Amino acid sequence: MFVLESLQNVSKHSDKQQLANMSLVVYSKAEGGYTVTTGNVISAANIEDLRKRLDLINNLEISEIRAVYRQMLSNTELSNKGGAGLGLIEMAKTTGNKLDYDFFTD
């Protein structure tokens, strides 16, 4: 599920279509499991919103993540990109891990 969600995020959420071929998905075996690394080109204007969402998710306990997930399933509408905003929450819920992230700007 995590791999599928990663691929969907990369394909749906690139802000700059002319740079969409610069998206990155890497899967590697790590001690005790696997690591999934994704990268995408997004507008600098969207970084702060995404950072806030990631920090919010990372500060929740697993039981809180499950509760937020259930709430979003029942109270959400599709975005203009066809998503319901569940992807990052579903990743955290499925893995039980924090979502490690970074942003690089030029």
Between L86 and residues 5 or more places away or on another chain, the pairs with built amide H atoms under 5 Å apart involve none
Taking placed amide H atoms and a strict 5 Å upper bound, the residues 5 or more places from I42 or on another chain that come that close are D15
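Since every read-out is calculated from the coordinates, none of them should be taken as a lab result. As the structure is a computational prediction, the values presented were derived from the model and not from experiment.
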